[in-house]
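A.B. asks: Structure in structure tokens, see below.
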Amino acid sequence: MTLFHLAPRTITRTGDDSPAGSLLRYLWRMSGAHQVWVCLLALIVAGLSMAPLELQRRIINECIEDRNVRLLMVLGAIYLGVLVLQSGLKYCLRVYQGWLSESAVRYCREHLARMHRRRTEDGNGSNEANRGEGQGRAVSVIATEVDKLGGFVGEGLSQPVVNLGMLLAIGGYMLAVEPRVAALSFLFLVPQVVVVPVIQARINRLIEKRLALLRELSDTVVGPGESRRDLEDAGLQPKLRRIYDNRIAIVALKFAMKGLVNLLNGLAPLAVLMIGGYFAMKGETSVGVVVAFMSGFDRLSNPLRELLAYYRIAAQANVQHQMIARWI
């Protein structure tokens, strides 16, 4: 039993079985004008992200230093309200994205299963070997690959909107309040924008190869013959080895990239402490600014991490879309 029930979105069939020309067209085909509404909700969530930073700064500089209890209670209540509102809206955003994604997955599975059944009934793959190959690839595409591609629909546009919005809102606030500390600290985040796409391009090639290897494995397992000798004759062991080597290469690159990103994310707050602390000791900035900036970089790391993750997911979804389109 589920807590609540959402009926899947009705996606109108076009009557044309040809795949969408690009990943962006596929997103619009699966979600339509809902992408506009989910992006607007994402912008509201992003806009609220800079409010806690200003409230932190004011609580320290205007309440604690001046011992103003009444203002402390007022700002604390506003802070709590902002957190509750942002959490509620973020929950609605995630559910909205999930509804769009799962509706797309359901539609694509039904559509591709219907296409495969029609091909089989029309006599494609008439001999036993060809039927095994068709069944194996169909299982791989409909059961696994569509799930990953359709899962991208909900967050395809709204996820970069919310994360870029948060980066711009928080980064713009920090630059407006104390440009020197902010600019010097941001230098530690710039290498991520350069390094990540280079590593991801290599990972994309490995992912495309992995998908092809998994389809070959599905053909081998589903194909005719069930004895151990039949599987050995079909080259099962070499295929499993190639899949293993491919996965190890992906894991090594993925975690090397993640480690680099985490290191650079950790250096930015250190820069705030060193540079901001120096300016505070000289009386050129306030302790409230340093505290707010520490919190700001903590808040920046999450959308930046999610934005880089989105870049990886989008690249993988594009590979997935191209391979499914070729299968169709």
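The values are calculated or read from the model by the stated rules, or taken from the named source; none is laboratory data. All values reported here derive from a predicted model rather than from experimental measurement. Positions of Cβ are backbone-derived with ideal geometry, glycine not excepted, and every protein chain shown enters the neighbour counts. What goes into the accessible areas is simple: the full protein's heavy atoms, side chains included, and nothing from ligands, DNA or RNA. Shrake-Rupley method; radii C 1.70, N 1.55, O 1.52, S 1.80 Å.
A.B. asks: Of the conditions (1) open to solvent by less than 40 Å² (accessible area, probe 1.4 Å); (2) over 18 Å from Val153 (Cβ atoms), Arg114 satisfies every one except a single condition; which number is it?
C.D. replies: The number of the failed condition is (1).
A.B. asks: If you take the residues of the range 51-70 that are over 17 Å from Val289 (Cβ atoms) and modelled with pLDDT under 85, which of them is surrounded by the most Cβ atoms within 10 Å (Cβ to Cβ)?
C.D. replies: Of the range 51-70, the ones over 17 Å from Val289 (Cβ atoms) are 67-70.
After this cut, where a residue has to be modelled with pLDDT under 85 as well, the list is 67-69.
Working: Arg67: 8, Asn68: 14, Val69: 9.
It comes out as Asn68.
A.B. asks: Test Val141 against the stated conditions and say whether it is modelled with pLDDT of 75 or more and more than 21 Å from Asn302 (Cβ to Cβ). Quick ask: steps written out before the conclusion?
C.D. replies: Numbers: modelled with pLDDT of 75 or more: no; more than 21 Å from Asn302 (Cβ to Cβ): yes.
So Val141 does not fit the description; no.
A.B. asks: Please enumerate the residues belonging to the range 175-192 that are assigned to a helix (DSSP H, G or I), open to solvent by less than 70 Å² (accessible area, probe 1.4 Å) and among the hydrophobic types (A, V, I, L, M, F, W, C).
C.D. replies: Val177, Val181, Ala182, Ala183, Phe186
A.B. asks: Anything in the range 147-165 that is assigned to a loop (DSSP other than H, G, I, E, B) and open to solvent by less than 10 Å² (accessible area, probe 1.4 Å)? List them, or say none. Before the answer, list the steps.
C.D. replies: At the first step, the residues of the range 147-165 found to be assigned to a loop (DSSP other than H, G, I, E, B) are 151-157.
Those that are assigned to a loop (DSSP other than H, G, I, E, B) and open to solvent by less than 10 Å² (accessible area, probe 1.4 Å): Phe152, Val153, Gly154, Gly156.
A.B. asks: Residue under question is Leu80, and the condition is that it be open to solvent by 50 Å² or more (accessible area, probe 1.4 Å), within 21 Å of the chain's Cα centre (by Cα), at pLDDT 80 or above and within 22 Å of Asn302 (Cβ to Cβ); does it hold?
C.D. replies: Details: open to solvent by 50 Å² or more (accessible area, probe 1.4 Å): yes; within 21 Å of the chain's Cα centre (by Cα): no; at pLDDT 80 or above: yes; within 22 Å of Asn302 (Cβ to Cβ): yes.
When the stated conditions are applied, Leu80 does not pass them.
A.B. asks: Identify, from the list Leu273, Leu308, the residue that is more than 30 Å from Arg215 (Cβ to Cβ) and among the aliphatic types (A, V, I, L, M). Walk me through it before giving the result.
C.D. replies: Values: Leu308 fails: more than 30 Å from Arg215 (Cβ to Cβ).
Exactly one residue qualifies, and that residue is Leu273.
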